[in-house]
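First comes the structure, then the notes that go with it.
The values are calculated or read from the model by the stated rules, or taken from the named source; none is laboratory data. Note that this is a predicted model, so its numbers are computed, not measured. Keep in mind that these areas ignore ligands, DNA and RNA; they rest on the heavy atoms of the full protein, side chains included. Shrake-Rupley method; radii C 1.70, N 1.55, O 1.52, S 1.80 Å.
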Amino acid sequence: SSVSETLPLGSMRPLLRTTRRELQTECVEEDGCLAGFWGDVSGDCDLTSFDVLVAQRVNLGLIDINSLCSWQQQQLDPTLNGGAAQIPDVQYLLNAAANKYRFLVEIVVNSSDVFAGTTNPVLIAVTLYDDSNQPIDVRTTVRMEIGYTGDAQYEIGSSNGTSQEGNWLATAANGGQGQYRVAVYPAGGWSLIASVGIAVMVETVNPLGEGDNEERVFPFLGSSAEPYFSQGSRFRPLRTFDVIAGLPSPPRPPFPPSPPRSPPSLPPPIPPVRPSAAPQSPPPPTSPPWSPPPPSPPPPSPPPPPSPPP
């Protein structure tokens, strides 16, 4: 199966085979409020500490979430765990406004060519935006935990070893424009299995290249890789895909039966000899072919004259 979505909604599209769809980076009026700026809970087309305050008030029940438009409600779940305005969501908005966290705005999983016994890769891509609502491809690393074991072969991205639970760990390739991609398959071919999970870990550093395992790393939805495992996290996939049985080749059509052999044909009958009405005369003898007569012999020579008397 192939899944593509701008969280939480989106449309199907192939991965890495067509020009990537441009995501919205400007606000438009939608559903009675300004929509399009990631993290904007207050509806002013910006991400500031005021959005964190609004999220806190929703969490405390001081603001009715149903009074917010659909875009604002969506921004109250930046952790993508399905719950809105929970304490982790408020903390996420705080770190995102400080340019420590990124917004995971799109995920694409394409497993349309993955069948049991094949070595076709599963293709995974995520798109990240920063606090200024722009695609971000600096000071950011994306790793993925894939719930599969064995010898992993990468066409895009690279191996990061295995997690504490034995799953594949991949470092995504930075494709620019905020997109990070992995294409991987097992060297021995896929096994028939349902629901292979994918977790996405987004990790950032400050301008000096320094990271922070508390405020600059976040797993969607949970990972058994370090440092998350030591913090109590366990593998909890954000998306899944299935490895299904390949379609069997259609049976070869049977050869058409040979036509029946014709019986041997008999020679045509000899026509009967019809008797003649009267006996036929023998044919007249034929004359020999003409040849010229032989030449006449020459006349005899005259006798010699008599000799004179002595």
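Things to note:
- For residue 223, distant residues with modelled amide H under 5 Å away: 234, 236
- Segment 160-214 - accessible surface per residue (Å², probe 1.4 Å): 43 Å²
- The string of couplings for segment 130-135 from the Karplus curve (6.51, -1.76, 1.60, θ = phi - 60°) is 9, 5, 9, 6, 10, x Hz, one whole number per residue in order, with x for Gly and Pro.
- Per-residue Karplus couplings for segment 150-163, computed as 6.51 cos²θ - 1.76 cosθ + 1.60 with θ equal to phi - 60°, are listed in order as x, 7, 8, 10, 10, 8, 9, x, 8, 6, 10, x, 10, 7 Hz, Gly and Pro entered as x.
- For residue 118, the accessible area of its heavy atoms, probed at 1.4 Å with every protein chain present, is near 40 square angstrom.
- Percent carbon-and-sulfur accessible area, segment 127-241, ignoring ligands, DNA and RNA, probe 1.4 Å: 43 percent
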